[in-house]
Amino acid sequence: METTTTANGDGPVYEEREEKLSPEDLSEMLAAGTKEVHEKAENTQFVKDFLKGRIRKEIFKRATVALYFTYKAMEEEIERNKEHPHFAPLYFPAELHRHTALARDLEYFYGPEWQSQVSCTEAAQNYVDRIHQVGQEDPVLLVAHAYTRYMGDLSGGQVLKKVAQRALKLPPTGEGLEFYCFDAIHSAKSFKQLYRSRMNELELDMETKKRIVSEAVKAFHFNMEVFEELEEIGKTIQEEVLDAGMPVHGAMGGDISKCPYYAAKMAASGGTAYFCQLATAVLQHPTGQVLLATWFAAMAGLVAWYLM
């Protein structure tokens, strides 16, 4: 992977090239070593509900607070160690750093005095404390935390952005979701390849690589503890505060069968009754009636052409 700068000053462009990887490369060891815990994180109730659009505004706000404290700690330690030989090649502040974007998101949700309204919860504080500890005592382990967070943000994070924008009816102009916007990265795929190649080029012995993998597993566990804490917090908040005027199925009038996630699930199950209900719903909707009439007209034209 090579980096070039465009002539018009648009910023760095990451050019892909064939890269031969070995099981002993750090990127491969991290992918293999975190596979199980990564799947566990993806299957926590919080993440599953989020992906289905069942994210409440108050919980989303609190998740953003937890992210702010996490990234603030991580980026403070990255700045402290930006010249450390085991981290310097991974120093991409313009492309990756998130805490200022998260601050703007919190200002959108809480107003200009947001800092006086938010605090770090116990699970998030445990995560923050560990990041500061490794940054000050064993900086090479920062690689694990940066890998876990930033590579996830450039992958699944982009899916979560779209789900949150729909479910919470956030502005299409991006307010409240700046955390997910990497304006300095033109191709997430190419940048991730560059980042992994930089990790593989770090001069690390096998024992250090194994310690980084172990730390990445810990990072996933810290994330899961934050998810579990958010689930518990959600149980203690009144429904009207959770929704804050933005119901999960908003314009659907509370009818879950009209939810696209529910529809996809039912369609995938192949239920005959579901398809009958779907057909009835389409016929009852004016737009569906117009589309059906258009379809019949097209089919009639096709049959007439065939019989000529």
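The values are calculated or read from the model by the stated rules, or taken from the named source; none is laboratory data. Model, not experiment: these values are computed from the prediction. Don't worry about glycine lacking a Cβ; one is built from the backbone with ideal geometry, like all the others, and counts go over all protein chains shown. Side chains included, ligands, DNA and RNA excluded: accessible areas come from the protein's heavy atoms. Shrake-Rupley method; radii C 1.70, N 1.55, O 1.52, S 1.80 Å.
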Self-check item: Computed FRET value (nearest 0.05) for LYS169 with GLN125, which takes r as the C-beta separation and R₀ as 30 Å
Solution: 0.45
Quiz item: Roughly how much of SER119 is accessible, in Å² to the nearest 10, using a 1.4 Å probe?
Solution: 80 Å²
Exercise. At a 1.4 Å probe radius, which order do LYS210, LYS52 fall into by accessible area, largest first?
Key: LYS210, LYS52
Quiz item: What FRET efficiency would be calculated for the residue pair LYS48, GLU83, taking the C-beta separation as r and a Förster radius of 35 Å, to the nearest 0.05?
Solution: 0.30
Exercise. May I ask you to derive the FRET efficiency for ASP205 and GLN133 from their Cβ-Cβ distance with R0 = 22 Å, giving the value to the nearest 0.05?
Key: 0.50
Quiz item: In what sequence, largest accessible area first, do ILE237, ILE55 appear using a 1.4 Å probe?
Solution: ILE237, ILE55
Practice problem: Could you run the Karplus curve 6.51 cos²θ - 1.76 cosθ + 1.60 with θ = phi - 60° over segment 76-81 and give me ³J(HN,Hα) per residue in whole Hz, x for Gly and Pro? | Solution: 5, 6, 5, 4, 4, 10
Quiz item: Once phi is turned into θ = phi - 60°, what whole-Hz ³J(HN,Hα) does the Karplus curve with 6.51, -1.76 and 1.60 give for every residue of segment 37-45, x standing for Gly and Pro?
Solution: 5, 4, 5, 5, 4, 5, 9, 5, 4
Self-check item: Difference of contour (0.36 nm per residue) and Cα-Cα distance, GLN115 to ALA94
Solution: 5.2 nm
Exercise. Go ahead and collect, in residue order, the members of segment 28-42 whose backbone nitrogen is under 15 Å from a label point 7 Å along the Cα-Cβ direction of ALA188.
Key: none
Exercise. Evaluate the distance, in nm, between pseudo-label points positioned 7 Å from the Cα of GLU76 and of ILE233 along their respective Cα→Cβ axes.
Key: 1.9 nm
Quiz item: Accessible area, 1.4 Å probe, largest first: how do HIS186, HIS221, HIS99 sort?
Solution: HIS186, HIS221, HIS99
